[in-house]
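The values are calculated or read from the model by the stated rules, or taken from the named source; none is laboratory data. Note that the coordinates shown come from a computational prediction; the quantities given were computed from them, not determined experimentally. We place every Cβ from the backbone using ideal geometry, glycine too, and count neighbours over all the protein chains shown. Accessible surface areas use protein heavy atoms only, side chains included; no ligands, DNA or RNA. Shrake-Rupley method; radii C 1.70, N 1.55, O 1.52, S 1.80 Å.
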Amino acid sequence: MFTGSMVAIITPFRNGKVDEKALGNLIEFQVKGGTDAIIPCGTTGESATLDYDEHYRVIELTIETVNKRVPVIAGTGANSTDETIMMTKKAKELRADGVLLVTPYYNKPPQEGLYQHYRKVAEEVDIPIVLYNVPGRTGVNMIPTTVARLAEIENIVAIKEATGDMKQVSEVIRLCGERITVLSGDDFTTFPLLCLGGKGVISVSANVAPSDVAGMIDAFIDGKIDDARSLHYRLEPLNQAMFLETNPIPVKTALGMMGKCTDELRLPLCPMSDSNKEKLRRALNDYGLL
């Protein structure tokens, strides 16, 4: 259902508020660049510091601007199941095509708790669900056998795998087969994940280079493996630059350098250090983005 190059889009701010004009322009940049789906209010979208009204408005504006040209998958995950259900219901009301649900963070549920959490949301809200496994941020890893159990639920359709562990990805695909779509959650793993049977990426780097991220996946799907591999290696220095500091600090700084929006962040995220900013600038220059 959800495949290809999908962008975890930033949320641009100006003077402490969501910059709706800049967000609209960024969405157009993505659609024109060949991006296959837009994901607002994920980690890269600074969802943790959006209040409910802002969160819903960003989803609503994304859906309005996209206007059905590509799917919109709204980030509505939380570490409370009731809160996740509430936000997911709102995303469905706003006509999102699907939702991205991060594993509950901080409270570190056991595997059975993860299963019960996702099953409850899936039962309460009839909308396509993308699981999001990112233990480096949440403190909990959803293991392949749990994913396989969840893949039996009809409206759980995909997983964003951000462990960086190709052995785990391979096991998820082995256990689930075609019952769930596996997507890369780390740009540097996209090409190897495609080789294992994954179907795409939810990308940070696509914020700044949408056409190349989309081109790599399109080339792979078309059987042009050498072309896809070449784009993988071209993108690698940029992928590394996007994680010189905590995401989304570098990508938002990069978009600021490119004149796409301000580089304004919300605390506890802070401006990029001068030394890393210079490394980022060199990477963007070398890539031809500045």
- Task: Take Lys160, Lys279, Lys167 and sort them by solvent-accessible surface of the protein heavy atoms, 1.4 Å probe, largest at the top.
- Result: Lys167, Lys279, Lys160
- Note on the structure: Of all C-alpha pairs within the stretch 1-89, those more than 20 angstrom apart amount in percent to 30
- Query: Round to a whole number: what % of the accessible area of the chain belongs to carbon and sulfur, probe 1.4 Å?
  - Reply: 49
- Note on the structure: Simple spin-label estimate for Thr49/Ser230, 7 Å along Cα→Cβ, in nm, reads 4.1
- Sort the following peptides by mean Cβ neighbour count (other Cβ atoms within 10 Å, averaged over residues), highest first: 9-15, 182-188, 138-144. 182-188, 9-15, 138-144
- In Hz, Karplus ³J(HN,Hα) per residue of the stretch 209-214 (6.51, -1.76, 1.60; θ = phi - 60°; x = Gly, Pro): 9, x, 5, 6, 5, 5
- Item | Whether the stretch 162-202 is rounded, prolate or oblate, judged on the alpha carbon gyration tensor where a/c under 1.5 counts as rounded | prolate
- Karplus-derived HN-Hα couplings along the stretch 240-247 (A = 6.51, B = -1.76, C = 1.60, θ = phi - 60°), whole Hz, x at Gly and Pro: 5, 5, 5, 10, 4, 9, 4, 5
- Length released on extending from Arg137 to Lys68, taking residue separation times 0.36 nm less the Cα-Cα span: 21.7 nm
- Message: As an exercise, find the ratio Rg/Rh for the stretch 184-290 from alpha-carbon atoms, using the Kirkwood inverse-distance average for Rh.
- Response: 1.00
- Under the Debye formula (equal points on every Cα, no solvent term), log10 I(q)/I(0) of the chain at q = 0.14 Å⁻¹: -0.99
- Please work out the average accessible area per residue across the chain, using the 1.4 Å probe convention, and give it in Å². 42
- With label points built 7 Å along Cα→Cβ from the Cα atoms of Glu264 and Glu278, find their separation and express it in nm. 2.9
- Message: Using the Karplus curve 6.51 cos²θ - 1.76 cosθ + 1.60 with θ = phi - 60°, what ³J(HN,Hα) values do you get for each residue of the stretch 260-272, in whole Hz, with x for Gly and Pro?
- Response: 8, 5, 6, 9, 5, 10, 10, 4, x, 6, 9, x, 5
- Query: In the P(r) worked out for the stretch 62-135, what percent of Cα pairs fall beyond 19 Å?
  - Reply: 31
- Query: Which part of the stretch 45-60 falls in the paramagnetic zone of Arg95, meaning amide N under 19 Å from the point 7 Å along Cα-to-beta-carbon?
  - Reply: 56-60
- Message: Quick check on my link table: of Lys21/Lys160; Lys108/Lys277; Lys90/Lys260; Lys90/Lys120; Lys89/Lys260; Lys92/Lys167, which ones sit more than 24 Å apart, alpha carbon to alpha carbon?
- Response: Lys21/Lys160; Lys108/Lys277; Lys90/Lys260; Lys89/Lys260; Lys92/Lys167
- Note on the structure: Mean separation of Cα contacts under 8 Å (at least 6 apart) over the residue count of the chain, i.e. the relative contact order in percent, is 18
